[in-house]
Amino acid sequence: MTSFPRQHARTRRFSLGTPRSFVPGLGPDGPVVLFLRTDAGDDPVTHLWRHDPVAGTTEKLVDARDVGGDGDELPAAERARRERAREQAGGIVAYAVDDGCSVAAFVLAGRLYTVEVATGRVAEHPTAGPAFDARPSPDGRRVAYHAADGCHVIDLADGPGAPGTTRELVSEPGVAWGRAEFVAAEEMGRGRGAWWSGDGSALAVTRVDEAAVPQWTIADPANPWLEPTRHAYPAAGTVNADVSLWIVEVATGERTEVTWDRTRDEYLVHVGWGDDPLTLLVQPRDQRAARVLTADATSGSTTVVREWTDDAWVEPVPGTPSWLGSRLLTVEDRPELGEGGTRALCIEGRPVTPVGLQVRELAPGRRRRDGDASSTDAVDALEVLASPADDPTSVQRWSSDGDPADPGSSWSRTGPEGPGLVSVVVGRRGSSVVGRRTEGDLDAWAPPEVVVRATLAAAAPEVTVSCARIDGTDRVEHHLEGVAETPVVVARPRMMELGGRRLRAALLLPEDDDTGPLPVLLDPYGGPHAQRVLAAQAPYLTSQWLADQGFAVLVVDGRGSPGRGPAWERAVHRDLVTPALEDQIDAVHAAAELEPRLDLGRVAIRGWSFGGYLAAAAVLRRPDVFRAAVAGAPVTDWRLYDTYYTERYLGHPDEQPGAYVRSSLVDADGQLSQARPWDAVAPPGLLLIHGLADDNVVAAHALRLSSALLAEGRDHSFLPLSGVTHMTPQEVVAERLLTRQVTFLRQALGCRR
């Protein structure tokens with residue numbers, strides 16, 4: 001039987017074979033859904049697929065191996081993009097489609113291709129160099145792409161099946177046009193740098209000048225003859241990239257700068273265009289404000305249409321800002337609404353969702369009365385993805401029963417009952433599509449939608465595709481099956497609320513538990529922007545396998561984690577470690593009161609990234625509680641992490657030095673910071689793990705902590721991973737990491753098995 005570590009590594013954490021990256025729309029032949037998937041649960045090569053939601057049939061549209069291989073030979077810019085997106089597979093891992101779902105564009109190994117959605121005809125196009133981020137115009141007549149640090153356009157005069165011609169739209173020596181800078185891609189969720197106008201006549205393009213940003217070097221000590229790579233890394237307190245936005249006319253190349261007070265608001269967080277006005281979300285460096293701007297596409301001048309502030313920080317939310325006709329939609333934190341505040345959907349600044357409903361994302365399923373996305377403010381409903389006040393472990397679909405701006409409108413959950421995680425993708429009908437449609441039968445169909453739902457009952461999510469005519473008749477629904485492997489482990493989390501703060505937690509016990517005392521292993525992330533305690537089985541598979549090795553595994557989301565309102569998240573402001581560590585300790589003691597088999601004399605903790613930071617902090621600052629820790633890719637000195645993330649929580653290091661002293665494990669002089677003495681007879685065990693090719697949390701973090709530990713005579717182990725980034729996607733590495741951790745923890749805790 002295949003071991004779980006081997007299966008977990010071979011299947012890239014069971015992501016292979018699972019449908020993803022859905023684009024539903026109205027194609028030339030009617031409703032269509034495009035998506036990505038590999039051929040099998042252990043096949044890392046991803047292909048582009050087409051699903052007919054009316055007939056319920058699925059076929060492979062493009063086989064990556066037929067056109068460009070597995071795409072392993074990547075240009076540096078594409079490799080960096082995949083690292084920022086945490087992409088673990090190969091083949092076609094990203095694509096974009098025109099408004100009419102007639103042509104899709106993708107890049108393999110730096111070569112750009114288009115495919116006719118109706119026929120499957122594929123063409124390779126000439127480019128100005130290794131390309132990435134190919135995006136068709138709304139009308140499907142052109143493709144914009146990034147290459148050689150410039151923005152280029154391919155004209156498809158003879159259709160997507162012909163080679164076409166490429167031309168440079170804009171470039172400049174020493175400056176990048178049309179790509180996202182590091183913090184935008186890593187922290188803001190903005191992974192692109194070019195946006196088409198609705199009529200396809202112009203592009204909004206970022207100009208990224210990184211000349212003043214510190215250049216960091218990533219070397220490969222295992223292969224010293226290789227040239228080190230250098231990249232611009234804006235560490236906390238240092239200079240950010242100079243990012244501006246320009247409107248570029250496709251026909252002439254003429255460009256106009258979009259102007260706003262960039263001295264005040266240096267972060268370009270979000271850009272939206274298409275059928276709506278050119279819209280920007282910008283923030284100042286301290287992130288305590290957000291401003292929504294609209295830009296005049298002719299002059300480039302901007303108007304502030306909405307701004308709001310927060311004493312700690314303003315949290316951008318996916319899907320917003322957005323437009324409902326002429327009305328602006330935002331998601332804003334309102335501390336005055338309910339206990340702990342509410343993250344609310346707002347129309348023109350007025351909250352419209354219920355108090356206590358924490359909005360995670362504005363769902364794209366905005367249904368208009370006439371089915372036209374561009375003609376009216378009137379709506380039948382708005383939809384959000386949100387967590388109810390009593391269950392932050394679930395993300396559900398909520399819908400208004402009418403225009404939510406109307407006083408009598410109310411909200412209710414839509415979809416299956418019970419806890420779970422829901423995501424929704426709904427096809428859109430841009431004006432460029434409506435204007436081209438002449439055949440009434442095609443227009444009779446509303447755009448299809450895709451709903452993905454994960455639950456505690458199954459390891460794989462359920463994918464449902466549905467479609468109906470505009471009048472609501474002839475509704476059809478199909479399940480889109482995946483081919484992911486079935487895990488050899490079945491997770492059995494016991495969902496809990498612990499202590500006075502009602503900490504959400506999951507306890508996992510060994511399958512062959514003999515009712516004896518169990519060593520405890522905490523398995524958190526523990527920081528902002530991520531949850532580990534979720535109403536789905538897949539997140540607990542590794543924790544369950546660890547439990548089956550003889551541990552009681554406890555997963556806890558403490559203060560700072562999302563889903564429980566603004567006050568809960570802002571509890572880590574100016575101190576990233578103390579509240580997070582306190583919550584882990586309180587949770588393990590509260591869990592022991594409910595489950596007496598937990599042995600509080602043998603408590604360990606493991607984690608990666610922020611979780612690794614929390615694990616290292618646990619044995620350094622509370623060795624009275626924790627006997628062992630596995631710290632993977634930990635941040636140890638917050639002055640070495642990036643501006644946008646770090647300064648949001650800790651402030652600028654020159655202005656808030658105390659916050660960095662409180663939160664860092666190693667101080668500016670390379671000494672341990674606020675560490676308690678270890679027991680000389682029975683010191684805790686600490687295993688540090690770090691990929692030497694990590695360009696996000698660089699290996700200097702672990703190296704500096706190791707040096708400080710050595711200087712103080714504190715025994716520890718250090719496992720450097722040559723050629724490994726922050727993701728650790730390599731199969732052998734991923735497998736051995738799990739077994740190595742179990743061996744270390746057993747030894748450190750004195751376990752018999």
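The values are calculated or read from the model by the stated rules, or taken from the named source; none is laboratory data. Here the structure is a predicted model, which is why all the values come from computation and not from measurement. Neighbour counts are summed over all protein chains in view; Cβ atoms, including those assigned to glycine, are modelled from backbone coordinates with ideal geometry.
Every residue, every condition in (1) modelled with pLDDT of 95 or more; (2) among the polar types (S, T, N, Q); (3) outside the structural domain of Pro448 (by TED's automatic domain parsing), yes or no:
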position	(1), (2), (3)
Ser387	yes, yes, yes
Pro392	yes, no, yes
Pro407	no, no, yes
Gly415	no, no, yes
Arg429	no, no, yes
Practice item. Only residues that are hydroxyl-bearing (Ser, Thr, Tyr) and part of a loop (DSSP other than H, G, I, E, B): list them for segment 714-753, please. Key: Ser722, Thr725, Thr728
Practice item. Residue by residue through segment 346-362, note down the ones that are assigned to a loop (DSSP other than H, G, I, E, B), at negative phi and out of contact with any Lys or Arg (no Cβ under 9 Å at 6 or more places or on another chain). Key: Val352, Pro354
Point to revise | Flag for Ala222 being within 28 Å of Glu257 (Cα to Cα), outside the structural domain of Asp695 (by TED's automatic domain parsing), in contact (Cβ under 8 Å) with a residue 12 or more places away in the chain and aliphatic (A, V, I, L, M) | key: no
Study note, to complete from the structure: Subset of segment 678-708, residues over 22 Å from the mean Cα position of the chain (by Cα) and part of a strand (DSSP E or B), comes to Gly685, Leu686, Leu687, Leu688, Ile689
Point to revise | Check on Arg639, of a type in the set (Lys, Arg), more than 25 Å from Pro566 (Cα to Cα), in contact with a Gly (Cβ under 7 Å, 6 or more places away or on another chain) and in the same structural domain as Gly527 (by TED's automatic domain parsing) | key: yes
Check your understanding: Does His152 satisfy being in the same structural domain as His125 (by TED's automatic domain parsing) and not in a loop (DSSP other than H, G, I, E, B)?
Key -> yes
Practice item. Within segment 608-622, identify whether any single residue is within 16 Å of Ser664 (Cα to Cα) and among the β-branched types (Val, Ile, Thr), and answer yes or no. Key: yes
Check your understanding: Among the residues of segment 116-130, is there at least one that is over 25 Å from Pro24 (Cβ atoms), touching a Leu at 6+ places or on another chain (Cβ under 9 Å), of a type in the set (D, E, K, R) and not assigned by TED's automatic domain parsing to the domain that holds Val205?
Key -> yes
Exercise for review: Output the number of residues of segment 705-737 satisfying the condition of being at pLDDT 95 or above, in contact with a Ser or Thr (Cβ under 8 Å, 6 or more places away or on another chain) and crowded, with 18+ Cβ neighbours inside 10 Å.
Suggested key: 2
Review point. Yes or no: Asp557 under 20 Å from Phe4 (Cα atoms), in contact with a Phe, Trp or Tyr (Cβ under 9 Å, 6 or more places away or on another chain) and not basic (Lys, Arg)?
Key: no
Check your understanding: Just a yes or no: is a residue in segment 310-326 surrounded by fewer than 18 Cβ atoms within 10 Å (Cβ to Cβ), more than 22 Å from the chain's Cα centre (by Cα) and of a type in the set (Gly, Ala, Ser)?
Key -> yes
Point to revise | Every residue from segment 609-618 that is in contact with a helix residue (DSSP H, G or I) (Cβ under 9 Å, 6 or more places away or on another chain) and either under 18 Å from Leu721 (Cβ atoms) or at pLDDT below 95 (or both) | key: Gly612, Tyr613, Ala616
**Study point:** Residue list for segment 619-648, restricted to those being assigned to a loop (DSSP other than H, G, I, E, B) and in contact with a helix residue (DSSP H, G or I) (Cβ under 9 Å, 6 or more places away or on another chain)
**Key:** Arg622, Val625, Phe626, Arg627, Ala633, Pro634, Val635, Thr636, Asp637, Tyr641
Point to revise | Considering residues of segment 275-307 that are among the acidic types (Asp, Glu) and in contact with a strand residue (DSSP E or B) (Cβ under 9 Å, 6 or more places away or on another chain) only, the residue modelled with the lowest pLDDT | key: Asp275
Study note, to complete from the structure: Note on segment 208-231: residues buried (at least 20 other Cβ atoms within 10 Å of the Cβ) and under 17 Å from Arg81 (Cα atoms) are Val208, Glu210
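Residue by residue, here is whether (1) closer than 30 Å to Ala468 by Cα; (2) in a loop (DSSP other than H, G, I, E, B); (3) touching a residue at least 24 places away in the same chain (Cβ under 8 Å) holds:
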| site | (1), (2), (3) |
| --- | --- |
| Ala9 | no, no, yes |
| Gly25 | yes, no, yes |
| Val32 | yes, no, yes |
| Leu36 | yes, no, yes |
| Ala40 | no, yes, yes |
| His47 | yes, no, yes |
| Asp99 | yes, yes, yes |
Review point. So which residues in segment 255-272 are surrounded by fewer than 21 Cβ atoms within 10 Å (Cβ to Cβ) and in contact with a Ser or Thr (Cβ under 8 Å, 6 or more places away or on another chain), if there are any at all?
Key: Thr256, Glu257, Thr259, Arg262, Gly272
Check your understanding: Can you name the residue in segment 627-685 that is out of contact with any Asp or Glu (no Cβ under 8 Å at 6 or more places or on another chain) and of a type in the set (Val, Ile, Thr) and is also surrounded by the most Cβ atoms within 10 Å (Cβ to Cβ) among such residues?
Key -> Val630
Check your understanding: Scanning for something touching a Pro at 6+ places or on another chain (Cβ under 8 Å) and at positive phi, does segment 59-80 turn up at least one residue?
Key -> no
